[in-house]
Structures are given as C-alpha cells and as structure tokens.
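Below is one structure, written out as structure tokens; comments come after it.
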Amino acid sequence: MLKAGAGALAFGGLAGCLSEPEGEAGDRTGYAAFFALWDWAEHVAGDEFSFENPVTTGEMGHGWEPDGDLAADIATTDAFIYLDTPEFSWAQDIAAQLETDYDDVAVIDGMDGLGSHLLPIDREVAAEPDYDYEFDPDSLEIGEFDVLDGRTGEVTAYWHVDHWHESIPDVPVGESVPIEGVFADPEGRVLPLGDDEQFQFDARLAEGAPEGVVEIESHGDHVELHGLEANRTLLVFELVHDGEVVWDTADEGMATDVVEELDDEEADEFVDPHVWVDPVLAQQVVDNIATGLGEVDPDNAELYEENAAAYTERLEAVDRQFEELVENASRDVAIFAGHDSYQYVEQRYGFELYTPVGISPDAAESFEDISGMVDLVEEYDIDTVLYDPFESPDPDEQLPSMVELLIEDSQVTDAEPLSPAEGTTHEWDEQDWGWVEQMEEVNLRSLRKALDVS
C-alpha cells in the first residue's frame, strides 16, 4: 500500500481507468527515476523508446520526492526504471503498485544482481597497517590472520595456528565477492598489502579441490571471488612477497560455496545506494535496462543488447581513466564537501574522500563537522576541495556554504565540482552532457586537481 505524504503516491481510483500504453515500436514511453538511469535508458533504447526524467534540471535525484501526479503518469507508460532501495522509497512504492495493479507496465530494477557488490552504510574499519616498520620476509612469522568480507569490512573467518574458525561469504553464480585479508606478526604489527606494497594477498585452489567452481582474481590488497558454478570447493589463502609465497593456509582449505542465489536474509537492507557512480557497477545496471526493455519489446531485444554493449565500451573507458588517475596521483586523500556518494568509487580505485556527513543528501553538517574538515585540511596540506554542485542553491553559479567557510577559515584556495550524476545543471544540459560527459568533463578533471595528478 502506498503511503501518504512524500511517498504518498496513491493511484487511488485510477486502477483500471487509465488508457493502455501505446505499445507500438518507436512510440513506446517510459520513466526513469533520476538522471543517470534516464541517460542510460535513452542510450540503450535508441529511437524505440522515449523516456522521461521526473527530476527537474538543477535538482538532485537522490533525496528528491515527487508530487502526487507522477504515479498516474507512469501508469500510462510502458516501463519504469528505478533502484530497489529504501533510499528511493518513493520509487519502491510506485514499483510495488505497478506490479500489483498495472502488470502491463514493465518494472525494471537497475540494482538487480548487484547484491554481492553492495556496500553497507557504515563499513567497519580494518586495522591500520604498520607502514613504517621494516618486515623481513625471510624470517616473517604470522601471529594472526583474519579474513574480511570486503563489502562490509566484517571479519567472517580467522586462522588459528593451523586451522580455520568461522567461514567466508557465499558467492552467487555469475557474481563476485571481494575478500580482504589482515595479516599481523606475533607482536601485532599489521602487514601493508597492495600491488605497490611489500606484500600482496592472493589465493589458490587447495590441492585436489574441485575446479571450475570459482575464479580467483588478486588485486594486491584483496582477492575477488567470481562464482562460476554452484558447488563447493576449497581455497588456500597466500601472503606473497616479490612473486613468491612466504606464508599460506595450506594446512586446511577454506570451504567456499558458490550458490545459485543468496538467501533473502543474507541481503542487507541498509546499503549504500550509489551504485550508479561506479563505472564498473554501472555496466550491470545498463545490462539490466537492456534486458528489461527486451522483455517489453522482444522484436528489438537484440538492438537493445547492441546499444548496451556499445555504451558499455564508454563506461569501460571511464573505468580506465579512473585507474590511470590513481596511478599518477600524488595524493590518495581529498576532502569532499557533500554527502558520502563516492564510497563505491573510493573502494574500487583506492583513494579516500573525507565527507562531513553520511550517505543521506538530507543530512546537514554541524559546526563540529566543519571544524573537523578544517583540521583535515591542515593535516593533509590541502588547498583544493571538492563539492557536490547539487548541494548549493544554484549548481551553475554558487558554492555550498560549507565550501565558502573552508575557503574563509583554512588554507583552501580552490574548490572543484564533483557530481554524483544524480542530476544535471542547466549549463550541462545545454551541452547535452550525459553520465559519461559528467565523469570525463567534470569529475575526472576535478579529481586530478584534488589528488595532484602529474
């Protein structure tokens, strides 16, 4: 049942009284919940669909609430694209009502299949590595080894002497799960891990373990487990130095289950919704849109797949630009005066953006938050800060008040926009900029300045 108020999008007596959607190829219409989804839907649909973005130019899509007419408008179209997360509760309400009363309107969840990639709102913080200590690989002893779910930072298993306690998360078929490791010597010093660090974290199949169940990909500081086939296999985790394994868990393999799908109770409702900011996760969202449109319009399903594949190449190019940016950056820390919308990007590429508030765009920074930002400016010798243009009264012209205070009260001399692509400005709209253009022309340029890319 649709709630009254902001989510108060009751269809009322409209059920059964609205005209049927046109349904003819080229005349099909739909709604996408906010800018990024709308932009992707337009690229995937080509000339076969016309999509509407209900969020007004200059407004932020996350935290936006519609008026009472939107639900009725959507019910007259062929498709509704949204994200099934409580952070877009108004869209969840409309989707639920459409599925109940208007089964001729396709409901497409852009987050479908992303469950194992979703990050919690409050991720646990791992122990800080001892970067200043010189570890000797030849005489190294491991006193503690913890395995963490890379999505939550939660310790899910730990190694004790020669055997395991607890377990690692299940891996869904066709999806992946990041696994992190924390190694400490007998004195409790934590080893630094990463492609550019002294040690790397890796894994392999245990001797005689079933093959073809999981694919293992090492990223230096974590491993990615890709589910290939529903089955159980055994893994051995490794600590690597200079290409050689210096320690492993070969005494006992870690049971690893690949499952067809996760149980409902395993899904965390309170997750960060900002998957659309990540160019890698965006590829799955685009694929979901293509699949959904193909089900509405089977005659053009192949066209939607082709359009999605072509657009995915552009997303992959953005992914490569982020990787190159980080490789050439002199800093790995910056200040972002906005809500915490870049968590997925930070985790994927290995830099950190300090924000004064959490993921909610409605959260207001306090005096203590601003004071803390000033302290961070001094601690990291920062002169360029980032800001969300949609958190200012006029995203084309004005800076958010917090940025103005930082410029007045600290050594900050410059502020650059960093858009979560939740909306568009009048200036960007006039230039016909979509998600890719916002990333390339705005965000990557701003991050290069903030992270001192040479």
Whole-Hz couplings from phi, Karplus 6.51/-1.76/1.60, listed for region 236-247; x for Gly and Pro: 10, 8, 10, 10, 10, 9, 6, x, 10, 6, 9, 6
Cα-projected label distance for residue 429 with residue 252, points at 7 Å along beta-carbon direction, nm: 6.1 nm
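Want the number for residue 316 to residue 449: 0.36 nm per residue separation, take away the alpha-carbon distance, what's left? It would help to have the intermediate numbers written out before the result.
Numbers: separation 133, 0.36 × 133 = 47.88 nm, distance 2.22 nm.
Full-extension gain reported as 45.7 nm.
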Fraction of beta bridges assigned by DSSP in the chain that are antiparallel (%, nearest 5): 65 percent
Ordering of 293-300, 415-422 by burial proxy (mean other Cβ atoms within 10 Å per residue, highest first): 415-422, 293-300
Spin-label pair residue 130/residue 440, simplified geometry with 7 Å Cα→Cβ offset, distance in nm: 4.7 nm
In order through region 420-431: 3J(HN,Hα) via Karplus (6.51 cos²θ - 1.76 cosθ + 1.60), integer Hz, x for Gly, Pro: x, 6, 8, x, 9, 9, 4, 5, 5, 5, 5, 8
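Arranged by the count of other C-beta atoms within 10 angstrom, fewest first, what order do 141, 197, 215 take?
141, 215, 197
Rank these for me by crowding, 335, 142, going from fewest to most other beta carbons within 10 Å. List each step's numbers first, then the result.
Working: 335 26, 142 16.
Exposure proxy ranking, most exposed first: 142, 335.
If I stretch the segment between residue 331 and residue 112 completely, what's the gain in nm (0.36 nm per residue apart, minus their alpha carbon distance), one decimal? Don't skip to the answer; put the middle values down first.
On the way: separation 219, 0.36 × 219 = 78.84 nm, distance 3.48 nm.
Stretched fully, the residue 331-residue 112 segment lengthens by 75.4 nm.
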Per-residue [θ]222 nm for the chain (sum of -39500 (n - 2.57) over DSSP H runs n ≥ 4, rounded to 500): -7500 deg cm²/dmol
Distance between modelled label sites at residue 67 and residue 196, nm, 7 Å Cα→Cβ extension: 5.1 nm
Pairwise FRET efficiency - residue 187 versus residue 156, Cβ, R0 = 22 Å, nearest 0.05: 0.35
Listed residue (106, 433, 150) projecting farthest to the positive dipole end of the chain, Cβ model: 106
Euclidean distance between Cα centres, region 211-266 to region 300-317, Å: 31 Å
Footprinting exposure proxy for 70, 148 (fewest neighbouring C-beta atoms within 10 Å first): 70, 148
Cα long-axis angle, helix 367-379 against the chain (0 to 90 degrees, to the nearest 10): 50 degrees
Region 231-260 residues near the modelled residue 138 label - backbone nitrogen below 16 Å, point 7 Å along Cα→Cβ: 241-242, 244, 246
Signed unit charges on C-beta, dipole axis of region 144-264, positive-most listed residue 161, 237, 201: 161
Interchain or long-range residues, amide H under 5 Å from residue 218's placed H: 224
In sequence order, calculated HN-Hα J values of region 218-234 (Karplus, 6.51, -1.76, 1.60; Hz; x Gly/Pro): 8, 10, x, 9, 7, 10, 10, 9, 9, x, 9, 8, 5, 5, 10, 9, 10
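Residue separation times 0.36 nm, minus the C-alpha to C-alpha distance between residue 381 and residue 226: what's the value? Display every interim value, and only then the final one.
Numbers: separation 155, 0.36 × 155 = 55.80 nm, distance 3.99 nm.
The span from residue 381 to residue 226 would gain 51.8 nm if fully extended.
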Region 429-443 versus region 59-120: alpha-carbon centroid distance in Å: 24 Å
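Read-outs: derived from the displayed coordinates by stated rules, not from any lab. What you see is a predicted model; the values in this text were computed from it and never measured. Cβ coordinates were reconstructed from backbone atoms using ideal geometry, including for glycine residues, and neighbour counts include every protein chain displayed.
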